[in-house]
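The block underneath contains the structure these notes are about, expressed in structure tokens.
The values are calculated or read from the model by the stated rules, or taken from the named source; none is laboratory data. This structure is a prediction, so every number in the text was calculated from the model and none was measured. Heads up, the Cβs are rebuilt from the backbone with ideal geometry, glycines too, and the neighbour counts pull from every protein chain shown. With ligands, DNA and RNA removed, areas are computed over all heavy atoms of the protein, side chains included. Shrake-Rupley method; radii C 1.70, N 1.55, O 1.52, S 1.80 Å.
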Amino acid sequence: MNANDFFCGLLAGWSQVAVGQPFDFLKVRIQTATSDVPIFNIAKDIKGKFGIKGFYRGSSSLFFGFAFTIGT
């Protein structure tokens, strides 16, 4: 493995987390909702309380662990 392979894998891991994390976060919020709430209302609530960064809450470990696992 050379540095180019590692760098490409690192970017692939980061992009996977960057795209997938908001959807996974919404999925968990829907699963834990106590009533039947539309997904758009949940997304609007998250964005209103935390901003866009709210969809990435708790994902710092994924950016480091997941990215380096794919990168190697």
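Name the pairs whose Cβ atoms lie under 8 Å apart, with the first residue in the range 17-33 and among the charged types (D, E, K, R) and at pLDDT 90 or above, the second open to solvent by less than 40 Å² (accessible area, probe 1.4 Å) and in a helix (DSSP H, G or I), and 6 or more positions between them or separate chains? These pairs meet every condition: R29/I42; R29/I46.
Restricted to the chain, the set of helices (runs of 4 or more DSSP H) holding at least 1 residues that are open to solvent by 90 Å² or more (accessible area, probe 1.4 Å) and of a type in the set (A, V, I, L, M) comprises 3-31.
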